[in-house]
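**Student:** Structure below; questions to follow.
The values are calculated or read from the model by the stated rules, or taken from the named source; none is laboratory data. In this text, all values refer to a predicted model and were calculated from it rather than measured experimentally. Neighbour counts run over all protein chains shown; Cβ positions are idealised from the backbone, glycine included.
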Amino acid sequence: MPVDKEKVKKALDDFQNDDFVSAKETLKPEIKKAKEEFIQKKLGLKEPITPEPEAKGDDDKGKGDDDKKE
């Protein structure tokens, strides 16, 4: 997944408008993504370095509570 050029352009516009915090918040995940893709490619890894977060739902709610009651 390549870097989103539109997000980078938005960050540069924010930086130019002295909105440094927004620029940083926009660029930080893009830089992290590019770094991880580079390392993954360099090392020849098949799986991503950082797994994508799983969707949280109500299915996990209450798991493990039964052991604590006894």
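**Student:** Quick check on my filter: what residues within the range 16-31 are closer than 18 Å to Asp4 by Cβ and β-branched (Val, Ile, Thr)? Break it down into steps so the answer makes sense when it comes.
**Tutor:** At the first step, the residues of the range 16-31 found to be closer than 18 Å to Asp4 by Cβ are 22-31.
Matches in the range 16-31: Thr26, Ile31.
**Student:** Moving on. Quick check, is Thr50 modelled with pLDDT of 90 or more and touching a helix residue (DSSP H, G or I) at 6+ places or on another chain (Cβ under 8 Å)? Write out each step before concluding.
**Tutor:** Details: modelled with pLDDT of 90 or more: no; touching a helix residue (DSSP H, G or I) at 6+ places or on another chain (Cβ under 8 Å): yes.
No; evaluated as a whole, the condition is false for this residue.
**Student:** A further question follows. Note down all Cβ pairs under 6 Å where the first residue falls in the range 8-33 and is under 21 Å from Ile49 (Cβ atoms) and assigned to a helix (DSSP H, G or I), the second is aliphatic (A, V, I, L, M) and at pLDDT 95 or above, and they're at least six residues apart or on different chains.
**Tutor:** Hits for this filter: zero, empty list.
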